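Single-structure report; data block below.
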Amino acid sequence: MTQQGDRSSQVKVNLDELLARVENDHELLCELIDIFKEDFPRLMQLLQQSVSRKDMRSVEAASHALKGMLSGLSVTQAAATASRLEEMAREGKTSGLIDVLRLLENEVAGLLPELDGYAEKAKP
């Protein structure tokens, strides 16, 4: 039986889907990864702070932005979890919010080094 903690060792990016999305444009891929690396940590921190304050409007906004960013890079499992957080916030459900945030944190653990690896391989 796989535990949630084991997810961080799994591949997070659907690379085939991502390359198709950018039409195998490796320069564009690197640009997208750079933008993600700049915005992602700030958004995750905002989400964590918003969850701890139970600021549901900010949780909804931050998780929506993260969902879009993660979807754009074909990080489908984490995008689905961000979507779940967004929906919980929209419905005002605070029960379980921290658990879903922890799940998202596990799913994105190691994501930046994984993306760096793809960007390094994409360079000419």
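The values are calculated or read from the model by the stated rules, or taken from the named source; none is laboratory data. Predicted model only: the values in this text are computed from it and were never measured. Positions of Cβ are backbone-derived with ideal geometry, glycine not excepted, and every protein chain shown enters the neighbour counts. Just so you know, the surface numbers come from the protein's heavy atoms only, side chains and all, with ligands and any DNA or RNA stripped out. Shrake-Rupley method; radii C 1.70, N 1.55, O 1.52, S 1.80 Å.
Taking the chain as a Gaussian network of alpha-carbon nodes connected by springs under 10 Å, the highest mean-square fluctuation of the residues VAL100, VAL13, VAL108 belongs to VAL100.
The count of lysine pairs in the chain whose Cα atoms are under 23 Å apart, excluding pairs fewer than 8 places apart on the same chain, comes to 10. Mind pulling the angle between the C-alpha long axis of helix 56-72 and the longest principal axis of the chain? Nearest 10 degrees, somewhere in 0 to 90. Around 20 degrees separate the two axes. Ranking of SER58, SER74 by solvent-accessible surface, largest first: SER58, SER74 (1.4 Å probe, protein heavy atoms only, all chains present). What you get for segment 12-122, charging only the Cβ of Lys and Arg (+1) and of Asp and Glu (-1), is a dipole of about 680 debye around the Cα centre.
Only protein atoms count toward the accessible area here, which uses a 1.4 Å probe; on segment 4-124, the carbon and sulfur part of that area reaches 48 percent.
Given the -39500 (n - 2.57) contribution per DSSP H run of 4+ residues, what per-residue ellipticity at 222 nm results for the chain, rounded to the nearest 500 deg cm²/dmol? Working shown, then result.
On the way: 6 runs with 91 residues, N = 124.
Roughly -24000 deg cm²/dmol at 222 nm, from the helical runs in the chain.
Enter the angle in degrees (range 0 to 90, nearest 10) between the Cα long axis of helix 97-108 and the first principal axis of the Cα atoms of the chain, meaning the one along which they spread out most. It is inclined by approximately 10 degrees.
The residues of segment 12-122 present an accessible area of 52 Å² per residue when probed at 1.4 Å with all protein chains retained. The alpha-carbon positions of the chain define a convex hull whose volume is 98 Å³ per residue.
Taking 0.36 nm per residue of separation and subtracting the Cα-Cα distance, what length does fully extending ASP25 through ARG57 add?
Values: separation 32, 0.36 × 32 = 11.52 nm, distance 3.64 nm.
Between ASP25 and ARG57, full extension yields 7.9 nm more.
Kirkwood Rh over Cα pairs of segment 57-124 into Stokes-Einstein at 37 °C, 0.692 mPa s: D in µm²/s? The estimated diffusion coefficient comes to 261 µm²/s.
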